[in-house]
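Enquirer: Shown below is the structure under consideration.
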(Lines give C-alpha, C1' and ligand atoms only; values in the text may rest on other atoms or scores of the structure.)
Protein backbone atom coordinates (compact mmCIF):
# COMPACT_ATOMS: atom_id res chain seq x y z
CA UNK A 1 0.00 0.00 0.00
CA UNK A 2 1.56 3.28 -1.11
CA UNK A 3 1.16 6.32 1.13
CA UNK A 4 1.80 9.88 -0.03
CA UNK A 5 3.62 12.27 2.27
CA UNK A 6 3.11 16.04 2.64
CA UNK A 7 5.20 16.80 -0.44
CA UNK A 8 3.10 14.47 -2.60
CA UNK A 9 5.82 11.80 -2.91
CA UNK A 10 4.99 8.15 -2.56
CA UNK A 11 6.56 6.60 0.52
CA UNK A 12 8.03 3.17 -0.05
CA UNK A 13 10.14 1.01 2.23
CA UNK A 14 13.89 1.36 1.67
CA UNK A 15 14.64 -2.35 1.49
CA UNK A 16 11.60 -3.39 -0.50
CA UNK A 17 8.83 -5.61 0.74
CA UNK A 18 10.59 -8.98 0.87
CA UNK A 19 13.86 -9.15 2.74
CA UNK A 20 14.45 -12.75 1.63
CA UNK A 21 14.25 -11.99 -2.09
CA UNK A 22 17.46 -11.83 -4.09
CA UNK A 23 18.46 -10.03 -7.25
CA UNK A 24 18.59 -12.13 -10.39
CA UNK A 25 22.04 -12.68 -11.84
CA UNK A 26 21.39 -10.59 -14.98
CA UNK A 27 20.46 -7.61 -12.75
CA UNK A 28 23.44 -8.01 -10.40
CA UNK A 29 25.47 -4.94 -9.40
CA UNK A 30 28.86 -6.41 -10.30
CA UNK A 31 29.65 -6.37 -14.00
CA UNK A 32 31.66 -9.59 -14.02
CA UNK A 33 28.53 -11.38 -12.79
CA UNK A 34 25.90 -9.41 -14.71
CA UNK A 35 27.43 -9.39 -18.22
CA UNK A 36 28.04 -13.17 -18.59
CA UNK A 37 24.59 -13.83 -17.09
CA UNK A 38 23.01 -11.44 -19.60
CA UNK A 39 24.86 -13.12 -22.47
CA UNK A 40 23.76 -16.61 -21.39
CA UNK A 41 20.18 -15.40 -20.81
CA UNK A 42 20.07 -13.77 -24.26
CA UNK A 43 21.47 -16.89 -25.90
CA UNK A 44 18.93 -19.17 -24.20
CA UNK A 45 16.01 -16.86 -25.06
CA UNK A 46 17.24 -16.58 -28.67
CA UNK A 47 17.47 -20.34 -29.06
CA UNK A 48 14.08 -20.95 -27.45
CA UNK A 49 12.36 -18.28 -29.55
CA UNK A 50 14.09 -19.33 -32.79
CA UNK A 51 14.35 -23.10 -32.36
CA UNK A 52 12.93 -23.86 -35.81
CA UNK A 53 15.37 -21.48 -37.47
CA UNK A 54 18.28 -23.06 -35.60
CA UNK A 55 17.18 -26.62 -36.43
CA UNK A 56 16.58 -25.89 -40.11
CA UNK A 57 19.89 -24.04 -40.37
CA UNK A 58 21.71 -26.99 -38.80
CA UNK A 59 20.02 -29.44 -41.17
CA UNK A 60 20.88 -27.29 -44.17
CA UNK A 61 24.52 -26.87 -43.09
CA UNK A 62 25.03 -30.59 -42.44
CA UNK A 63 23.32 -31.61 -45.69
CA UNK A 64 25.34 -28.99 -47.59
CA UNK A 65 28.62 -30.31 -46.19
CA UNK A 66 27.64 -33.90 -47.05
CA UNK A 67 26.59 -32.77 -50.53
CA UNK A 68 29.91 -30.99 -51.09
CA UNK A 69 31.83 -34.10 -50.00
CA UNK A 70 29.72 -36.31 -52.29
CA UNK A 71 30.16 -34.00 -55.28
CA UNK A 72 33.92 -33.90 -54.72
CA UNK A 73 33.94 -37.71 -54.85
CA UNK A 74 32.03 -37.63 -58.13
CA UNK A 75 28.60 -38.63 -56.81
CA UNK A 76 25.49 -36.42 -56.77
CA UNK A 77 22.90 -37.83 -54.36
CA UNK A 78 19.45 -36.54 -55.21
CA UNK A 79 18.15 -36.92 -51.64
CA UNK A 80 20.78 -34.45 -50.35
CA UNK A 81 19.79 -31.96 -53.04
CA UNK A 82 16.16 -32.32 -51.96
CA UNK A 83 17.08 -31.91 -48.28
CA UNK A 84 19.14 -28.76 -48.93
CA UNK A 85 16.48 -27.22 -51.17
CA UNK A 86 13.63 -28.19 -48.83
CA UNK A 87 15.38 -26.86 -45.76
CA UNK A 88 16.21 -23.60 -47.55
CA UNK A 89 12.55 -23.17 -48.49
CA UNK A 90 11.38 -24.09 -44.98
CA UNK A 91 13.93 -21.68 -43.50
CA UNK A 92 12.58 -18.87 -45.68
CA UNK A 93 9.00 -19.68 -44.68
CA UNK A 94 9.81 -19.86 -40.96
CA UNK A 95 11.79 -16.63 -41.19
CA UNK A 96 8.87 -14.91 -42.87
CA UNK A 97 6.38 -16.21 -40.30
CA UNK A 98 8.56 -15.16 -37.37
CA UNK A 99 9.10 -11.74 -38.97
CA UNK A 100 5.35 -11.19 -39.33
CA UNK A 101 4.61 -12.26 -35.76
CA UNK A 102 6.95 -9.62 -34.25
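Enquirer: Inside region 68-97, can you point out the residues that are within 20 Å of residue 50 (Cβ to Cβ) and out of contact with any helix residue (DSSP H, G or I) (no Cβ under 7 Å at 6 or more places or on another chain)?
Expert: If the condition is that a residue be within 20 Å of residue 50 (Cβ to Cβ) and out of contact with any helix residue (DSSP H, G or I) (no Cβ under 7 Å at 6 or more places or on another chain), then 86, 89, 92, 93, 96, 97 are the ones that fit.
Enquirer: Taking the stated definitions as given, is residue 57 at pLDDT 80 or above, part of a helix (DSSP H, G or I), closer than 16 Å to residue 91 by Cβ and touching a helix residue (DSSP H, G or I) at 6+ places or on another chain (Cβ under 8 Å)?
Expert: Yes: the conditions hold for residue 57.
Enquirer: Taking residue 35 as the residue in question, decide whether it is surrounded by fewer than 13 Cβ atoms within 10 Å (Cβ to Cβ), modelled with pLDDT under 90, in contact with a helix residue (DSSP H, G or I) (Cβ under 7 Å, 6 or more places away or on another chain) and in a helix (DSSP H, G or I).
Expert: no
The values are calculated or read from the model by the stated rules, or taken from the named source; none is laboratory data. Just so it is clear, the structure is predicted and the values come from calculations on it, not from any experiment. Virtual Cβ from ideal backbone geometry, glycine too; neighbours counted across all protein chains shown.
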